[in-house]
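Asks: Below: one structure in structure tokens.
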Amino acid sequence: MNNYRLFAEKYLEVFEPLFEAAEKVSEFDVILALLGIRGVQASGWDPFENTESVVEDLQKHQARLRHSVKANVNLWAYAHVIESSENYELVANLLEIAQGGNFKIANHRSKQPTYKNLRVADKIARLTSMAKGTAFESISDPFKDVFDSKFRNALYHADYSIKDGGVTFFGDDHYPTFYDRQHVIDLINKSLALHNVLHGLRKQFVGQYLEPKQVMCSPGFGRGKPFPVTLLVRRGHGVIGFKGLSNETDLGASIEVAMYRCLPYEKPLIQAGQTFMPRNRIQALNNVLDKMPVPVATFLASRIGKLRYFTG
């Protein structure tokens with residue numbers, strides 16, 4: 001039985017109110033959370049782009065996969081999705097913003113001096129702690145519903161086998177545990193539903209910006225003195241960033257502030273003062289290449305590599 005839709009509807013009921021509540025408190029901080037800007041990054045430096053792409057491709061090509069290949073690929077997808085840091089970061093930031101706080105570059109890191117990325121179980125525990133006493137106490141429930149630590153560890157360490165209508169895996173105690181086929185399918189579908197709901201909501205809130213407009217930055221970003229910024233928008237996509245003149249600095253002069261996630265050819269347009277970008281030319285080219293035979297697509301992609309993120 002495929003319960004994907006049931007899981008997706010259940011998780012949407014949990015997450016959608018958080019997006020809406022955070023936006024009412026600080027539209028600017030929500031934009032920062034949606035963009036997930038972590039600092040200066042070049043094309044290919046964002047691992048979440050790979051996660052979004054691989055999940056989309058996996059679901060698109062499910063019918064082509066057969067037997068053990070299909071089973072193993074879906075198990076690996078489960079392990080990949082639950083480890084994806086950005087989903088935990090997004091929810092933590094929205095929760096913080098909804099309570100009057102500001103966007104943070106990193107929410108799930110250990111303390112000084114290591115600043116290591118926390119384990120999944122610790123991220124879920126932190127979300128639970130952050131939500132305690134708020135209107136969103138159930139916000140970590142979808143993550144708890146999806147995450148099975150022993151199952152995850154077995155998948156990552158190849159300590160499992162597929163047979164007898166299910167999956168047998170081994171934990172640290174080397175004692176075998178058996179999950180029947182339905183249990184495994186539910187875990188996979190839960191992980192995909194959680195990812196797709198958050199991805200869909202992110203896409204919806206990003207895409208609501210159809211043209212550039214001015215908004216006020218948050219007090220935290222403006223050093224206590226909010227100032228107007230102009231949103232940068234890509235046609236057919238939505239907001240990709242912002243730029244504006246800050247309040248006077250310690251040196252007594254305003255400076256231009258800009259943060260955005262742009263395609264390679266968009267950077268000079270933004271620097272030249274353009275705020276409304278054309279449709280994604282890279283995606284349009286990729287759509288054409290994807291319909292061509294692999295040898296032809298690979299050859300053409302090598303000739304237009306400056307416009308294509310990655311050829312594989």
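The values are calculated or read from the model by the stated rules, or taken from the named source; none is laboratory data. No experiment lies behind these values; they were computed from the predicted model shown. Note: ideal-geometry Cβ built from the backbone for every residue, glycine included; neighbour counts use all protein chains shown.
Asks: Would you point out which residue out of ASP159, ASP148 is among the acidic types (Asp, Glu) and under 21 Å from the mean Cα position of the chain (by Cα)?
Replies: Details: ASP159 fails: under 21 Å from the mean Cα position of the chain (by Cα).
Checking each option against the conditions leaves just ASP148.
Asks: Collect the residues in the stretch 103-150 that are among the basic types (Lys, Arg) and either crowded, with 20+ Cβ neighbours inside 10 Å or without any contact (Cβ under 8 Å) to a residue 24 or more places away in the chain (or both), keeping them in residue-number order. Before you say what the answer is, go through the steps one by one.
Replies: Of the residues in the stretch 103-150, the ones among the basic types (Lys, Arg) are 104, 109, 111, 116, 119, 123, 126, 132, 144, 150.
Hits for the stretch 103-150 are LYS104, ARG109, LYS111, LYS116, ARG119, LYS123, LYS132, LYS144.
Asks: Please go through (1) under 30 Å from GLN214 (Cβ atoms); (2) surrounded by 17 or more Cβ atoms within 10 Å (Cβ to Cβ) for ALA77 and return the number of the only condition it doesn't satisfy.
Replies: Result: ALA77 fails condition (1) only.
Asks: Which of the residues belonging to the stretch 102-147 are in contact with a strand residue (DSSP E or B) (Cβ under 9 Å, 6 or more places away or on another chain) and outside any helix (DSSP H, G or I)? Spell out the reasoning first.
Replies: Looking only at the stretch 102-147, we keep the residues that are in contact with a strand residue (DSSP E or B) (Cβ under 9 Å, 6 or more places away or on another chain), and these are 106, 108-110, 115-118, 123.
Of everything in the stretch 102-147, those that are in contact with a strand residue (DSSP E or B) (Cβ under 9 Å, 6 or more places away or on another chain) and outside any helix (DSSP H, G or I) turn out to be ALA106, HIS108, ARG109, SER110, TYR115, LYS116, ASN117, LEU118.
Asks: Pairs, please: C-beta under 6 Å, at least 6 apart or cross-chain, first residue surrounded by 13 or more Cβ atoms within 10 Å (Cβ to Cβ) and of a type in the set (S, T, N, Q) and in the stretch 261-277, second modelled with pLDDT of 95 or more and part of a loop (DSSP other than H, G, I, E, B)?
Replies: Close Cβ pairs (under 6 Å, with a partner that is modelled with pLDDT of 95 or more and part of a loop (DSSP other than H, G, I, E, B)) amount to THR275/PRO212.
Asks: Filter the stretch 253-282 down to residues that are of a type in the set (S, T, N, Q) and either in contact with a His (Cβ under 8 Å, 6 or more places away or on another chain) or not in a loop (DSSP other than H, G, I, E, B) (or both) and give me whichever is farthest from LEU210 (Cα to Cα).
Replies: Residues of the stretch 253-282 that are of a type in the set (S, T, N, Q), as a first pass: 254, 271, 274-275, 280.
Then keep just the ones that are either in contact with a His (Cβ under 8 Å, 6 or more places away or on another chain) or not in a loop (DSSP other than H, G, I, E, B) (or both); that gives 271, 280.
On the way: GLN271: 21, ASN280: 14 Å.
Across the stretch 253-282, the extreme among qualifying residues is GLN271.
Asks: Which one of these does ASN153 not meet: (1) of a type outside the set (Ser, Thr, Tyr); (2) surrounded by fewer than 20 Cβ atoms within 10 Å (Cβ to Cβ); (3) touching a residue at least 40 places away in the same chain (Cβ under 8 Å); (4) not in a loop (DSSP other than H, G, I, E, B)?
Replies: Failing condition for ASN153: (3).
Asks: Scan the stretch 174-217 residue by residue and report those that are surrounded by fewer than 20 Cβ atoms within 10 Å (Cβ to Cβ), touching a residue at least 60 places away in the same chain (Cβ under 8 Å) and over 30 Å from VAL54 (Cα atoms).
Replies: PRO212, VAL215, MET216
Asks: Can you work out which of the residues in the stretch 93-128 that are polar (S, T, N, Q) and under 29 Å from ALA77 (Cβ atoms) is modelled with the lowest pLDDT? Spell out how you get there, then give the answer.
Replies: Going residue by residue through the stretch 93-128, those that are polar (S, T, N, Q) are 93, 99, 102, 107, 110, 112, 114, 117, 128.
From the residues that got through so far, the ones that are under 29 Å from ALA77 (Cβ atoms) too are 93, 107, 110, 117, 128.
On the way: ASN93: 96, ASN107: 87, SER110: 72, ASN117: 83, THR128: 97.
Among those residues, the one meeting the criterion is SER110.
Asks: For the stretch 50-72, indicate whether the set of residues that are part of a helix (DSSP H, G or I), acidic (Asp, Glu) and closer than 27 Å to GLU27 by Cα is non-empty. Talk me through it step by step, then tell me what you get.
Replies: Within the stretch 50-72, the subset part of a helix (DSSP H, G or I) is 50-60, 62-64, 67-72.
Narrowing further to those that are acidic (Asp, Glu): 52, 56-57.
With closer than 27 Å to GLU27 by Cα added as a condition, the list becomes 52.
For the stretch 50-72, residues part of a helix (DSSP H, G or I), acidic (Asp, Glu) and closer than 27 Å to GLU27 by Cα: present.
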